[in-house]
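Here's the structure we're looking at; comments come further down.
The values are calculated or read from the model by the stated rules, or taken from the named source; none is laboratory data. Since this is a predicted model, take the numbers as computed values, not measurements. Every residue, glycine as well, gets a Cβ built from its backbone with ideal geometry; the counts of neighbours run over all protein chains shown. Side chains included, ligands, DNA and RNA excluded: accessible areas come from the protein's heavy atoms. Shrake-Rupley method; radii C 1.70, N 1.55, O 1.52, S 1.80 Å.
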Amino acid sequence: MRRLCVTVAVLLTAMIALTTSPASAAEPAVVTAAEPAVVTAAEAYEQVQQAAAAGEGGRKLANGVTMYDSAPFLMRVRSYGSGYCLDNFASGGGQNNSPVGFWACNGGGTLLWRWRVFDSNRYYGTELVNNASGRCLDYPASAGGQTGRQFNVYDCRDGGWVGQNFHVYISGSDVWLSSEYTADAVCLDGYASSWRGNGSPVGLWSCNVSNPNAWQRWY
């Protein structure tokens with residue numbers, strides 16, 4: 001009987017040792033999703049242009065055109081500095097017609113964008129796609145050809161709607177976007193007169209594409 005008790009005690013000691021061993025030895029490591037790589041808007045555009053020129057990594061559409069998407073990036077405007085980013089406001093859930101404007105740069109997914117070259121042979125052959133929703137920056141048809149309205153996002157038309165089509169200019173780290181929406185030169189603009197911090201709108205305004213102002217220079 002004494003030998004049996006000793007044996008039971010030894011077994012109990014071993015079981016306690018196993019249950020109190022370090023968690024790292026018994027539990028799998030927690031794996032978290034990696035954050036998407038972020039480059040500057042200018043770098044991302046140069047990279048996607050190089051990919052389109054080389055015919056690498058594109059996706060062919062039903063009409064036979066191959067389009068190319070860049071790495072994701074943040075969009076800030078020179079006039080408001082580094083604290084505010086272009087955002088498809090989370091309150092809209094990324095749905096069609098959900099508004100776009102400025103929000104404090106806080107690491108949120110709705111602040112990330114990517115270039116889409118849907119036709120490298122077309123002057124206005126680029127879209128700006130929200131990385132979270134997959135929808136395109138869209139100047140609404142309800143604006144009736146007028147500037148001064150607010151951008152939203154909408155299903156990408158890949159060249160089928162002038163309110164989504166841009167020509168991208170680069171100077172150093174600055175980029176500016178000229179829109180096909182009107183026959184006059186108009187650019188993505190930070191609307192100085194509508195600035196109120198978080199929630200401020202962005203839209204289209206007349207521009208000098210050779211030397212745009214600080215509300216039209218993005219980086």
Exercise. Out of all the residues in segment 165-181, is one or more assigned to a strand (DSSP E or B), within 17 Å of Trp215 (Cα to Cα) and in contact with a His (Cβ under 7 Å, 6 or more places away or on another chain)?
Worked result: yes
Exercise. Being buried (at least 17 other Cβ atoms within 10 Å of the Cβ) and either more than 27 Å from Ser193 (Cβ to Cβ) or charged (D, E, K, R) (or both), is that true of even one residue in segment 96-111?
Worked result: no
Problem set entry | Criterion (under 23 Å from Tyr80 (Cα atoms), out of contact with any Ser or Thr (no Cβ under 6 Å at 6 or more places or on another chain) and modelled with pLDDT of 95 or more) met by exactly one of Val168, Val100, Val162 | Val100
Exercise. Scanning for something crowded, with 18+ Cβ neighbours inside 10 Å, under 27 Å from Val209 (Cα atoms) and at pLDDT 95 or above, does segment 139-149 turn up at least one residue?
Worked result: yes
Problem set entry | So Arg157, is it basic (Lys, Arg), within 23 Å of Ala53 (Cα to Cα) and not in a strand (DSSP E or B) | yes
Problem set entry | Scan of segment 195-212 for residues that are touching a residue at least 24 places away in the same chain (Cβ under 8 Å) and assigned to a loop (DSSP other than H, G, I, E, B), ordered by number | Trp195, Gly197, Asn198, Gly199, Ser200, Val202, Cys207, Val209, Pro212
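Table: residues versus (1) open to solvent by 50 Å² or more (accessible area, probe 1.4 Å); (2) among the hydroxyl-bearing types (Ser, Thr, Tyr).
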residue	(1), (2)
Gln164	no, no
Gly172	yes, no
Leu177	no, no
Tyr181	no, yes
Gly190	no, no
Arg196	yes, no
Val202	no, no
Cys207	no, no
Asn213	yes, no
For this session: Scan (1) surrounded by fewer than 20 Cβ atoms within 10 Å (Cβ to Cβ); (2) in a helix (DSSP H, G or I); (3) without any contact (Cβ under 8 Å) to a residue 60 or more places away in the chain for the single condition Ala71 breaks and write down its number.
Result: (2)
Problem set entry | Selection count, segment 119-154, where residues are of a type in the set (Asp, Glu) and farther than 26 Å from Gly55 by Cα | 1
Problem set entry | Flag for Ala192 being among the small types (Gly, Ala, Ser), under 18 Å from Pro72 (Cα atoms) and touching a residue at least 12 places away in the same chain (Cβ under 8 Å) | no
Problem set entry | Residues that are touching a residue at least 12 places away in the same chain (Cβ under 8 Å), open to solvent by 50 Å² or more (accessible area, probe 1.4 Å) and under 21 Å from Cys156 (Cβ atoms), drawn from segment 40-68 | Gln47, Gln49
Exercise. Is it the case that segment 127-136 has a residue that's open to solvent by less than 50 Å² (accessible area, probe 1.4 Å) and among the small types (Gly, Ala, Ser)?
Worked result: yes
